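The next block holds one structure in the form of structure tokens; read it before the comments.
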Amino acid sequence: MALGGIGYGVYQYQYEQHQKKLHEQELAAKPPVITKEECIASSCLSVKWLEYPITIIPEEIITVLEDIYTNEQLIVNAYNKYVSEFPLQRPFPMIVREERIFIERLLSLFDKYGLDIPTKSVTGTGIILPKQATGSLDQNLYSKQLCKQWMELEMRRYSLYERDMLPVIQDYPDIKQVLTEIMELSQNRFLGAFTECSH
């Protein structure tokens, strides 16, 4: 009788553990619940009855969002100028496509908060394109010089976003997510690629 009781107890425990595992797998398979504060672009479609603009945001947050957009547009314009000359030169075609994705994600935030897209002049990266004088600078050297400048720019960009912008938008998870994505890719991918091509 005691043995039967022990056997049943073991069975019950195994059954409960199995049910617990199934429940955890079911929860893991479900998409996370996204709030209107967190959603970006198409993920906002999963928030029922959400309409744009979702709220009015403070002028300070608008300024940061505009500055991020302006900086990213500036960088994309500079990349495009180089890629138009050397379409297949690593790492520029790979990076410029990622930068364009960031621009689109930023634009979706402007839509979400009902903001106008900044139209101010986008100039002044600090990037100086070396002159492509015939016979004085070949493409390889040109690319190395440019990569070195971009490497320095990526470090400045990361520092700027971390120091001046990230602390301001802590209460806005959607803006914070996009900015963090830009920073992580800049630090973990772009910087390494420019360091490699500058040597």
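The values are calculated or read from the model by the stated rules, or taken from the named source; none is laboratory data. Since this is a predicted model, take the numbers as computed values, not measurements. Heads up, the Cβs are rebuilt from the backbone with ideal geometry, glycines too, and the neighbour counts pull from every protein chain shown.
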*May I ask you to list the residues in the stretch 35-44 that are in contact with a helix residue (DSSP H, G or I) (Cβ under 6 Å, 6 or more places away or on another chain) and part of a helix (DSSP H, G or I)?*
41
*asked:* Of the residues 170, 177, 145, only one is at pLDDT below 85 and assigned by TED's automatic domain parsing to the domain that holds residue 98; which?
replied: 145
_Given (1) within 16 Å of the chain's Cα centre (by Cα); (2) modelled with pLDDT under 85, identify the lone condition not met by residue 130._
(1)
_If I filter the stretch 72-84 down to residues being in contact with a helix residue (DSSP H, G or I) (Cβ under 7 Å, 6 or more places away or on another chain) and touching a residue at least 40 places away in the same chain (Cβ under 8 Å), which single residue comes out as surrounded by the most Cβ atoms within 10 Å (Cβ to Cβ)?_
75
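What number of residues in the stretch 60-105 are outside any helix (DSSP H, G or I) and in contact with a Phe, Trp or Tyr (Cβ under 9 Å, 6 or more places away or on another chain)? Walk me through how you get there before you give the answer.
Initially, the stretch 60-105 is screened for residues outside any helix (DSSP H, G or I), giving 86-91.
Within this subset, residues satisfying the condition of being in contact with a Phe, Trp or Tyr (Cβ under 9 Å, 6 or more places away or on another chain) are 86, 89, 91.
Qualifying residue count, the stretch 60-105: 3.
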*In the stretch 45-59, which residue that is outside any loop (DSSP other than H, G, I, E, B) and modelled with pLDDT under 85 is surrounded by the fewest Cβ atoms within 10 Å (Cβ to Cβ)?*
45
